[in-house]
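What follows is a short report on a single structure.
No value in this document is a laboratory result; all are computed from the given coordinates. Note that the coordinates shown come from a computational prediction; the quantities given were computed from them, not determined experimentally. In this analysis, Cβ positions are derived from the backbone assuming ideal geometry, glycine residues included, and neighbour counts consider all displayed protein chains.
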Ligand code: HEM
């Protein structure tokens, strides 16, 4: 390697998040917001709790419109999610980036985070709290998609429907998993606001 090339490499900060990761992350963020907002409008059409969601927080205007949004954005969510998972799995990144993860490490890092003492020295490596949170939300979205398949095509996915405890149970699972996702997003945004450097890396890659 020539000296000029070495200097150039040294000057260029290392890649933290490759392009495919940034693309799938932001597409996912858009898809998730569209899915939640239209899903809440669908919920309002036939609520199973004694509350409905203020219309201003929902998308679609009426049940038919909300279903159109939900069915359009679900392809974005599913195709993008499958691409994200496939690249992560086959490149070995999933194992490298999110494991090892032990309850002990999690509690140690959570304690440090609550005391404001969690080091963020190297943004390429996630601490145990980040690992657990990201793995949690990935599995949560998988559960949302599976229960959503049951609500969408309950006859075709009858085995999955029975595994989830029937159609009505799948509706509750879909709703509670969505609520957990909303909780993750709220926490995620607080964490990003506390360490804004990570946002730059998720936008620019470096
Ligand atoms: C405007 C909204 C959002 C912002 C500003 C944002 C920002 C970020 C940032 C800065 C990171 C890197 C964090 C780090 O270094 O620890 C990140 C990672 C991540 N975010 Fe978000 N995010 C948003 C929405 C979402 C949503 C809606 C989801 C999921 C439903 C999500 C899931 C994730 C996951 C799973 C990772 C880790 C990705 C990986 O390394 O494979 N984010 N986000």
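Listing for the model above:
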item: Fully extended contour minus Cα-Cα distance, from residue 78 to residue 186, at 0.36 nm per residue; result: 36.7 nm
item: Helix-only CD estimate at 222 nm, as mean residue ellipticity for the chain, using -39500 (n - 2.57) per DSSP H run (n ≥ 4); result: -24500 deg cm²/dmol
item: Virtual paramagnetic centre 7 Å along Cα→Cβ of residue 176, amide N under 19 Å, in the range 127-147; result: 136-147
item: Rounded if a/c under 1.5, otherwise prolate or oblate - the range 70-110, Cα gyration tensor axes; result: oblate
item: Potential lengthening between residue 168 and residue 153 on full extension [0.36 nm per residue; Cα-Cα distance subtracted]; result: 4.1 nm
item: Global form of the range 92-206, assessed from the alpha-carbon gyration tensor, a/c cut-off 1.5; result: prolate
item: Extension gain, residue 29 back to residue 135 (0.36 nm per residue minus Cα-Cα distance, nm); result: 36.6 nm
item: Helix axis angle, 103-114 relative to the chain longest principal axis, alpha carbon, degrees; result: 80
item: Between the range 95-149 and the range 167-183, the alpha-carbon center distance in angstrom; result: 21
item: Two-site label geometry, residue 206 and residue 48: point separation in nm, points 7 Å out along Cα→Cβ; result: 5.0
item: Cα-Cα P(r), the chain, percent of pairs per 5 Å interval; result: 1, 6, 12, 16, 17, 15, 12, 10, 6, 2, 1, 1, 1, 0, 0
item: Calculated over the range 17-78: convex hull of Cα atoms, volume per residue (Å³); result: 88
item: Sequence-separation-based contact order of the chain, relative, with Cα cut under 8 Å and 6+ spacing, percent; result: 22
